[in-house]
Amino acid sequence: MGKLYLVPTPIGNLEDITFRAIKILKSVDLILVEDTRRSSKLLNHYGINKPTKKYHSFNEHKKLTSFISALKKETSIALITDAGTPSISDPGFLLVRESIKNEIEIECLPGATALIPALVQSGFPSERFVFEGFLPVKKGRKKRLEELKEEWRTIIIYESPHRIVKTLNDIVMFFGKDRMISISREMTKIYEETYRGSIKNALNHFQRELPKGEFVLCISGKSSK
């Protein structure tokens, strides 16, 4: 049997990768990537010259069987995504599940992910929290927000720049205007920024300022009072 490595990659700053991750990427037979244009910047930066194949949300079902077959034939494979840890709001879950079914060894390295630094610097309780990833765009969105408004733990949500204002509008409707929120964007990059305040003020802020970058929203849990 081969071995599957899940290798986190930097979410912005290329220096946020471990020595072990670089060692693994230089040693495997094949690297699965979401976007070759994005991954080549990282691989070239660290002198990693290994074969790559695309593995993303649009082809993961189609390609799954062939990669499992390769792993069964003693091929060592590393899975990376454009940024962060595989399977966290990125492809990875299906490949891991099928590898487990086929008794293929799996090793997941620790590393970069946007949600943890955003949570820690939010100032909200971090000993227990709920990570929701991206909210449903249409179907199930209202139901999910209805459930989350009663959540007493800190809530973490990912959002894109073109939907951030709509999402804040929806959160105001379900959570109320006074619930506190911490919004981090462009994590680890030059223009990293965190806005902290009420949801209503955050909405006003991002309606005035043109939203750019990927966002992590940390929302305070519902008070028991």
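Summary table below
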item: Scope region 53-65; condition over 21 Å from residue 83 (Cβ atoms) and loosely packed, with under 13 Cβ neighbours inside 10 Å; matching residues; result: 61, 62, 65
item: Residue check, residue 9 within 25 Å of residue 133 (Cβ to Cβ), β-branched (Val, Ile, Thr) and outside the structural domain of residue 135 (by TED's automatic domain parsing); result: yes
item: Positions within region 66-82 being within 13 Å of residue 29 (Cα to Cα), β-branched (Val, Ile, Thr) and either part of a helix (DSSP H, G or I) or in contact with a helix residue (DSSP H, G or I) (Cβ under 7 Å, 6 or more places away or on another chain) (or both), in sequence order; result: 77
item: Residue list for region 1-24, restricted to those being closer than 24 Å to residue 74 by Cα and either part of a loop (DSSP other than H, G, I, E, B) or polar (S, T, N, Q) (or both); result: 1, 2, 7, 8
item: Cross-chain or 6+ apart pairs with Cβ under 6 Å, region 118-135 first and at positive phi, then surrounded by 15 or more Cβ atoms within 10 Å (Cβ to Cβ) and modelled with pLDDT of 95 or more; result: 133/158
item: Of all residues in region 22-52 being over 19 Å from residue 1 (Cα atoms) and among the aliphatic types (A, V, I, L, M), the one that is surrounded by the fewest Cβ atoms within 10 Å (Cβ to Cβ); result: 22
item: Number of positions in region 25-44 that are more than 18 Å from residue 111 (Cβ to Cβ) and either of a type in the set (Phe, Trp, Tyr) or in a loop (DSSP other than H, G, I, E, B) (or both); result: 2
item: Selection from region 45-65 of residues that are touching a Pro at 6+ places or on another chain (Cβ under 7 Å) and assigned to a helix (DSSP H, G or I); result: 60
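The values are calculated or read from the model by the stated rules, or taken from the named source; none is laboratory data. Computed from a predicted model, the values in this text were never measured in an experiment. FYI the Cβ positions are ideal-geometry reconstructions off the backbone, even for glycines, and counts take in every protein chain you see.
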